[in-house]
Amino acid sequence: MMSLPNVRCISGHFQYSNSAHDAYQNEWHFVTVLRDPVARWLSHYRYNALQKKIEMSIEEFIETKQAKSFGRAFVDEITEDLNKSSIDSEELIKIALGRYKRFSVLGRLDDLPDFARKFEEKFQHKLDIKYLNRTPEGKKDARLSDSVMSRIAELCAPDISLYTQLFRAD
């Protein structure tokens, strides 16, 4: 087993590993913050468009396979180790829900004070949360039409279901 006696915290954007969680759940605490699925989808699109990785309008993009994958990122990333061809969407959401519930602290980006409170209760350590990686002013989309927003919500249905179940009591 890996030992990191002098390390108190590792933070960043990391791909979830169920095998690492299984192996180290008694030594390490897993903590994450999730963003509202539609807000996360829009942010993902904007970031990729600004980086010129997506070179089409949002109206065109919402009909692509990549747009669909953006909408199920929370479910797909935490179940990446599974053969999804043999598991239906509802079952994948259940598996994802079970895996997220194993985290020591789970928070919402739109309620960081609550996340900080939960973190402090669990670890007796006060967080000083910085706001990083914001979209530059003037680079955000103009108001999107109701039909575009409705399509994005459809694309995000798996993640919305998961998010709603995870934070139902909040």
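Sort out for me the helices (runs of 4 or more DSSP H) sitting completely within the stretch 95-170 that have 1 or more residues that are modelled with pLDDT under 95 and of a type in the set (Phe, Trp, Tyr). Lay out the reasoning, then the answer.
Working: elements: 112-123, 146-155, 157-166.
Because the criterion is at least 1 residues that are modelled with pLDDT under 95 and of a type in the set (Phe, Trp, Tyr), the helices (runs of 4 or more DSSP H) in the stretch 95-170 that meet it are 112-123.
Does the stretch 15-31 contain any residue that is within 17 Å of TYR163 (Cα to Cα) and either open to solvent by less than 30 Å² (accessible area, probe 1.4 Å) or outside any loop (DSSP other than H, G, I, E, B) (or both)?
We begin by selecting, within the stretch 15-31, every residue within 17 Å of TYR163 (Cα to Cα); these are 16, 31.
Narrowing the set further to residues that are either open to solvent by less than 30 Å² (accessible area, probe 1.4 Å) or outside any loop (DSSP other than H, G, I, E, B) (or both) leaves 31.
The answer is yes, given that some residue of the stretch 15-31 is within 17 Å of TYR163 (Cα to Cα) and either open to solvent by less than 30 Å² (accessible area, probe 1.4 Å) or outside any loop (DSSP other than H, G, I, E, B) (or both).
Can you find a residue that is out of contact with any strand residue (DSSP E or B) (no Cβ under 6 Å at 6 or more places or on another chain), surrounded by fewer than 17 Cβ atoms within 10 Å (Cβ to Cβ) and under 25 Å from ILE129 (Cβ atoms) anywhere in the stretch 83-97?
no
Counting only residues that are assigned to a loop (DSSP other than H, G, I, E, B) and open to solvent by less than 100 Å² (accessible area, probe 1.4 Å), how many does the stretch 43-75 have?
Just the residues of the stretch 43-75 that are assigned to a loop (DSSP other than H, G, I, E, B), to begin with: 51-57, 62-64, 71-72.
Then keep just the ones that are open to solvent by less than 100 Å² (accessible area, probe 1.4 Å); that gives 51, 54, 56-57, 62, 64, 71-72.
Number of matching residues: 8.
Does any residue in the stretch 115-128 that is under 17 Å from PHE30 (Cβ atoms) come within less than 9 Å, Cβ to Cβ, of a residue that is open to solvent by less than 60 Å² (accessible area, probe 1.4 Å) and in a helix (DSSP H, G or I) six or more places away or on a different chain, and which pairs are these?
HIS125/PHE119; LEU127/LEU112; LEU127/PHE115; LEU127/ALA116; LEU127/PHE119
If ALA23 passes every condition in (1) under 20 Å from the mean Cα position of the chain (by Cα); (2) touching a residue at least 12 places away in the same chain (Cβ under 8 Å) but one, which one does it miss?
(1)
Restricting to the stretch 90-108, give me the number of residues that are within 15 Å of LEU162 (Cβ to Cβ) and either among the hydrophobic types (A, V, I, L, M, F, W, C) or in contact (Cβ under 8 Å) with a residue 40 or more places away in the chain (or both). Show your work before the answer.
Step one: list which residues in the stretch 90-108 are within 15 Å of LEU162 (Cβ to Cβ), which gives 90-103, 106-108.
Now drop any that are not either among the hydrophobic types (A, V, I, L, M, F, W, C) or in contact (Cβ under 8 Å) with a residue 40 or more places away in the chain (or both), which leaves 92-93, 95-97, 99-103, 106-108.
Looking only at that region, the number is 13.
When SER3 is evaluated against the numbered criteria (1) surrounded by fewer than 17 Cβ atoms within 10 Å (Cβ to Cβ); (2) small (Gly, Ala, Ser); (3) at pLDDT 95 or above, which criterion, by number, is the only one it fails?
Against the list (1) surrounded by fewer than 17 Cβ atoms within 10 Å (Cβ to Cβ); (2) small (Gly, Ala, Ser); (3) at pLDDT 95 or above, SER3 comes up short only on (3).
Consider ILE87 carefully, then state whether it is in contact with a Phe, Trp or Tyr (Cβ under 9 Å, 6 or more places away or on another chain) and free of Cβ contacts under 8 Å to residues at least 60 places away in the same chain.
Details: in contact with a Phe, Trp or Tyr (Cβ under 9 Å, 6 or more places away or on another chain): no; free of Cβ contacts under 8 Å to residues at least 60 places away in the same chain: yes.
Criteria not met by ILE87.
How many residues are in contact with a Leu (Cβ under 8 Å, 6 or more places away or on another chain) and without any contact (Cβ under 8 Å) to a residue 60 or more places away in the chain if we restrict to the stretch 26-71?
Qualifying residue count for the region: 0.
The values are calculated or read from the model by the stated rules, or taken from the named source; none is laboratory data. Since the model is a prediction, treat every value here as computed from it, not as a measurement. Glycine also receives a Cβ, built like all others from the backbone with ideal geometry; neighbour counts cover every protein chain displayed. Accessible surface areas use protein heavy atoms only, side chains included; no ligands, DNA or RNA. Shrake-Rupley method; radii C 1.70, N 1.55, O 1.52, S 1.80 Å.
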